[in-house]
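A short worksheet on the structure shown next.
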Amino acid sequence: MLEVSNLTASYGGASILNGISLEVRNDQVVALLGRNGAGKSTTMKSIMGLVRQKSGSVKYDGVEVMGRESYLICRTGLGYVPEDRRVFTDLTVEENLEVGRRDARDDAPVWTIERLYELFPNLKERRRNLGKQLSGGEQQMLTIARTLMGNPKTILLDEPSEGIAPVIVEQMARVIAQLKSEGLSILLSEQNLHFARLVCDRACIIEKGQVRYDGTFADLDANPDISSQYLAV
Amino acid sequence: MNVLEVRGLSKSFGGIQAVSDVSFDLGEGEFLALIGPNGAGKTTCFNMLNGYLKPDRGSVKLGGRELIGVKPRRIWRMGVGRTFQITETFRSMTVLENVQMALISHHRETGNLFSRATRMHVDKAMSLLETISMADYANRACSELAYGDLKRLELAVALAHEPKLLLMDEPTAGMAPSERIALMALTAEIVARERLSVIFTEHDMDVVFAHSHRIIVLNRGELIAEGTGDEIRANPHVQEVYLGGGTVFENTGATADA
Amino acid sequence: MSFYFAQLLTGLANASSLFLISCGLSIIFGVTRIVNFAHGSFYMIGAYVAYSTITTLDFGILGFWGGVIFASIVVGLVGLLVEVTILRRIYHAPELFQLVATFGLVLIIQDLTLAIWGPQDYLGPRAPGLDRAVRIFGEPIPEYDLALIVIGPLVLAAIWVLFHRTRWGVLVRAATQDREMIGALGVNQAWLFSAAFMLGAFLAGLGGALQVPRESVNLQMDLSVIGQAFVVVVIGGMGSVTGAFVAAVLISVLNAFAVLLFPQISLVLPFLVMAVVLIVRPYGLFGKPGSGHGPAAEPEQPMRLMSKGEAGLLAVFVALLALSPLFAANYTMVLLIDLLVATLFAVSLHFLMGVGGMVSFGHAAYFGLGAYAAALGVKFLGLGMIPAMILGPIAGGLGALLFGWFCVRLSGVYLAMLTLAAAQILWGVTFQWQEFTGGDDGILGVWPASWAKSNQAYFYVAFVLCLGGIWLLQRVAHSPFGYTLRGGRDSAIRAEAIGINLKRHQWMGFTLAGAVAGLAGVVFAFSKGSVFPDTLAISKSVDGLVMVLLGGIHSLAGPILGAGVFVLIEDWVTKLEFWRFIFGVIILVVVLAAPDGVAGGVSRLRGLFSRRTKDGEAAQ
């Protein structure tokens, strides 16, 4: 279980997060919603140890990981899929997967290259291609597959639908459903509410670096003023 | 008369046909959306319109003048403004100075060595900031702006030289739904007032269906469909290659009144 | 025919050693993005250690190769030490800091080597078993050369296998592109970087050790090889090992034949080849544009005009300076003239870097051009001081106009490397063209006009010219032209998209900065009465970089402060025995402790102080 409490972060003096608290229980998919600049990506980067100026607490399975180097945080079972994909463009698909490979762990689903090719058949066809030869949708799949190679228990998925054709987004939704059924928990940041609703159990809305809503989608629909105030849909 | 006439535009990279034989027109005051799957050739197409890429074949005429082979900065001077998918602004300058720079360039004063740049074209720059409701932000540092504000600033910069045509590459990428609607509504209002024409690429189907007068769809470099929002939505080929089952966007059937 | 074949083999043997040092540099740059000036120093240590080991343990063939390997390992460990203690702390710093820090290392290693091995040159033993020549087509070819020709490709193949067939290699290549991401994927990038750096240093050490039988081991090896290695890495493409090999072969073979036609060409040829290659292929033969995931730059605040208080402070300072001849001692006058020259030089470099975003590793070229133009005007045309002084900025400007045309075609570290190449070409010319420039002996007798002979009078000449130059550049920085340059630095794409011909503006900006550096050069020449090739050497360029860095790059006042601090430190330190060592340590301390320069440090202190007082008030 991932527990974030009172997380603050700043970039070059400007404070981005002002005390975020949220949790992702095992087997849950939680949507992190909010406008651009609300702090979704910074929340994920801070959890992963990629933001330097920060304070608060991030506990994973009861262990404090705040302040650790990001490679150590990854090794506790947290995987991170960045919003801008960051595929290694000069490496082949297979080499990209190799970079993400880590030893299997008892408490998380075990992924092999073959299993990932079943999940993402396009990648198998293109396994000898360089990262830069892939389309945007294929790159998005590759980053997810690359993170799964580390056999994580929980993944932080930053805006997977951004800039992707609707057909591919639908495919992504099926993948996320399968990951959940395998026992992974996911924190998913999203702008696309339709997509988030399809795949997530709970919604967590942030605005100006603070959590403004944390609950089910049903409750969110029952309070249209919340979504109009913070998401304005 | 058509503002822009594109004929037989083709481009290949290392044997792969990125764009093949694309032709379309753009009327005055028209809001045209260019959509399609990733890798369909939208960006390639766009970069050929604004001069960053030279096509293998084809022609692009702006008000009867050929744009192919013309440098991007000359195309700008011919009256084509553009905004970027990822905002490109002068980060070490204020909001006002960003607009002033566009005006200074428009008046061909960038070689001036002795005037104070900050005192030039202040009134015109302020009035441009007013059209995007950012006059209050004039003296803010660009690096402190929220993403949505940067997008609006880019719009003001693109309008500084009173263009005839605006090219917007994924104008709402990375924005929240509310900001998307607000930005596109603002753009639509300015476009109508100034009789501008716009071509934009977009992945947010809500934005596309709400704001475009006409849509063209690219797939594997070819133009596969062209029409109004309703026509495109009903096109089975487009559904198959791009739109999917319509579960991840608002599928109400409402379109902009053209 | 056979003679030419022999010449080809000599070229290939040279290529092997050039490749060994260059590929280490390329690997280090590829992984850490650090342009390692100290790489030549690693090479030098390799040669010294190998010399000592081989001559002490006289074991024949085994002793020789054992010594070579031992020296390479020692250098690898030195590299590891440097990486862990210093470089690891500055991976997030701008490239200028990294460059200056590694230059600090060059100074430190120079003095340490001097302290351990003394100033004399050593002639190494021949390689046992390979000490004869074989006849190929009737020409004698040293066996050792043939061995080198084999070793180069072997090392290339080994590195290729390491990078493409091992997990470590895949990780290193991934780190080359996006170091933050591999951390998030669970890879301990710190050790990956250390290992890559150690490998690079090992290869430099190997290169140096293998040179022992071929040339003398001396204290000039470091800077003489580093220029060549930079050129090879840039031609091949930064980060590409194959590229380094091809470039090393290209340069060495071309050089082997070119010296037959013009014996003096070897100093200049590599840089000419580099200029040609970069114009055709801006990222080198096998290079690619860098990835966007470098260290995130701190957002810079918009420029503002001086406040009343600051303007008052400046006026008082200028007035004090203007009146200083009335009360200052003669020696202080000399120091103040040096200070004015250094400030103008630093301001012109800052204009290029801070305003224009073009980092130059070879700005001394235009300083030196100005100085030499004036000196040559006096020597050959018999010009007086004023006409000769007019010649200086014109020469600096024309030189910058010529080289700038090439340089602005590139950006970032490639641009910096090309500026270095330009400076090295000019340095080579002044050094070798004995009849015209006096070569190493320089040009003497460049004295001011009789009315300006006294230090006090000449101070006023320097005062007017230098303050005039500084005022000019500050004024331009606030003009539409200056804003256009700054805009292009912030976003070249945006500048082009609002109709700006950025390259042309950068070219003119480069020329202006060159002309002002030329002005600083003439003031310098007449203050010393002589010019020498070191006015356009690498170390002079680095002096300028250190001044800009000391002051902090983000403020227009930075270079003024930086030059002041630099001249004072230099004046004090150069009187000491191991002054290079001390100076190198000072540079490292500044880079590690005050990464935003002295000006930034002062404003941070002020911020701390005002916060303290506020807290104090609140407490009451």
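Taking the listed residues B:Leu186, B:Leu153, the one that is out of contact with any Asp or Glu (no Cβ under 8 Å at 6 or more places or on another chain) and surrounded by 22 or more Cβ atoms within 10 Å (Cβ to Cβ) is B:Leu153, with no other qualifying.
The residues on offer are C:Leu62, C:Leu171, and the sole one that is within 33 Å of the chain's Cα centre (by Cα) and not in a loop (DSSP other than H, G, I, E, B) is C:Leu171. Restricting attention to segment B:17-34, does a residue exist that is touching a His at 6+ places or on another chain (Cβ under 8 Å), aliphatic (A, V, I, L, M) and at pLDDT 90 or above? So far as segment B:17-34 goes, yes, one or more of its residues are touching a His at 6+ places or on another chain (Cβ under 8 Å), aliphatic (A, V, I, L, M) and at pLDDT 90 or above.
Exactly one residue out of C:Phe29, C:Phe19 is part of a helix (DSSP H, G or I), assigned by TED's automatic domain parsing to the domain that holds C:Val172 and crowded, with 24+ Cβ neighbours inside 10 Å, and it is C:Phe19.
Filtering segment A:71-100 to residues that are in contact with a Phe, Trp or Tyr (Cβ under 9 Å, 6 or more places away or on another chain) and either more than 18 Å from A:Val24 (Cβ to Cβ) or touching a residue at least 24 places away in the same chain (Cβ under 8 Å) (or both) leaves A:Ile73, A:Cys74, A:Gly77, A:Leu78, A:Glu95, A:Asn96, A:Val99. Taking the conditions (1) more than 14 Å from chain B (Cβ to nearest Cβ); (2) on the phi < 0 side of the Ramachandran plot in turn, A:Asn151 satisfies each one other than (2). Filtering segment B:107-143 to residues that are within 7 Å of another protein chain (Cβ to nearest Cβ), assigned to a helix (DSSP H, G or I) and either surrounded by fewer than 21 Cβ atoms within 10 Å (Cβ to Cβ) or not hydrophobic (A, V, I, L, M, F, W, C) (or both) leaves only B:Ser143. For segment B:95-106, the candidate set comprises residues that are more than 9 Å from chain C (Cβ to nearest Cβ) and of a type in the set (Val, Ile, Thr); within that set, the residue that is nearest to the chain's Cα centre (by Cα) is B:Val99. Consider B:Met184 carefully, then state whether it is within 12 Å of another protein chain (Cβ to nearest Cβ) and either aliphatic (A, V, I, L, M) or closer than 21 Å to B:Phe84 by Cα (or both). No.
Rundown of residues vs (1) of a type in the set (S, T, N, Q); (2) surrounded by fewer than 22 Cβ atoms within 10 Å (Cβ to Cβ), yes/no style:
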residue: A:Ser10; (1), (2): yes, yes
residue: A:Asn18; (1), (2): yes, yes
residue: A:Leu32; (1), (2): no, no
residue: A:Gln53; (1), (2): yes, yes
residue: A:Gly56; (1), (2): no, yes
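Filtering C:Leu250, C:Leu285 for residues that are modelled with pLDDT of 85 or more, among the hydrophobic types (A, V, I, L, M, F, W, C) and assigned to a loop (DSSP other than H, G, I, E, B) leaves a single hit, C:Leu285. For segment A:41-64, check the following and say yes or no: at least one residue is within 14 Å of chain B (Cβ to nearest Cβ), outside any helix (DSSP H, G or I) and in contact with a Cys (Cβ under 8 Å, 6 or more places away or on another chain). The answer is no, given that none of the residues of segment A:41-64 is within 14 Å of chain B (Cβ to nearest Cβ), outside any helix (DSSP H, G or I) and in contact with a Cys (Cβ under 8 Å, 6 or more places away or on another chain).
Can you tell me which residue in segment C:101-150 is farthest from C:Leu62 (Cα to Cα), limited to those that are surrounded by 13 or more Cβ atoms within 10 Å (Cβ to Cβ) and small (Gly, Ala, Ser)? Among those that are surrounded by 13 or more Cβ atoms within 10 Å (Cβ to Cβ) and small (Gly, Ala, Ser), it is C:Ala101.
Selection within segment B:156-169: residues that are surrounded by fewer than 22 Cβ atoms within 10 Å (Cβ to Cβ) and either touching a His at 6+ places or on another chain (Cβ under 9 Å) or among the β-branched types (Val, Ile, Thr) (or both). The member of this set that is nearest to the other protein chains (Cβ to nearest Cβ) is B:His161.
For every residue, the table says whether it meets (1) of a type outside the set (D, E, K, R); (2) not in a helix (DSSP H, G or I).
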position	(1), (2)
A:Val110	yes, yes
A:Tyr117	yes, no
A:Lys124	no, no
A:Lys132	no, no
A:Arg146	no, no
A:Gly163	yes, yes
A:Ile176	yes, no
A:Arg197	no, no
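Being more than 24 Å from C:Gln177 (Cβ to Cβ) and crowded, with 21+ Cβ neighbours inside 10 Å is the requirement here; does A:Ile164 meet it? So A:Ile164 does not fit the description; no. When C:Leu154 is tested against (1) more than 32 Å from the chain's Cα centre (by Cα); (2) surrounded by fewer than 14 Cβ atoms within 10 Å (Cβ to Cβ); (3) closer than 30 Å to C:Arg33 by Cα, only condition (1) is not met. Taken over segment A:75-108, the criterion of being part of a helix (DSSP H, G or I) and not β-branched (Val, Ile, Thr) is satisfied by A:Arg75, A:Glu94, A:Glu95, A:Asn96, A:Leu97, A:Glu98, A:Gly100. The set of residues in segment C:172-196 being among the charged types (D, E, K, R) and at the interface with chain A (Cβ under 7 Å from one of its Cβ atoms) consists of C:Arg173, C:Asp178, C:Glu180. The residue pairs whose first member lies in segment C:178-207 and is in the same structural domain as C:Tyr91 (by TED's automatic domain parsing) and over 18 Å from A:Leu50 (Cα atoms), whose second member is of a type in the set (Asp, Glu) and assigned to a helix (DSSP H, G or I), and whose beta carbons are closer than 8 Å, counting only pairs six or more residues apart or on different chains, are C:Ser194/C:Glu83; C:Phe197/C:Glu83; C:Met198/C:Glu83.
The values are calculated or read from the model by the stated rules, or taken from the named source; none is laboratory data. Remember, predicted model here, so these are calculated numbers, not experimental data. Virtual Cβ from ideal backbone geometry, glycine too; neighbours counted across all protein chains shown.
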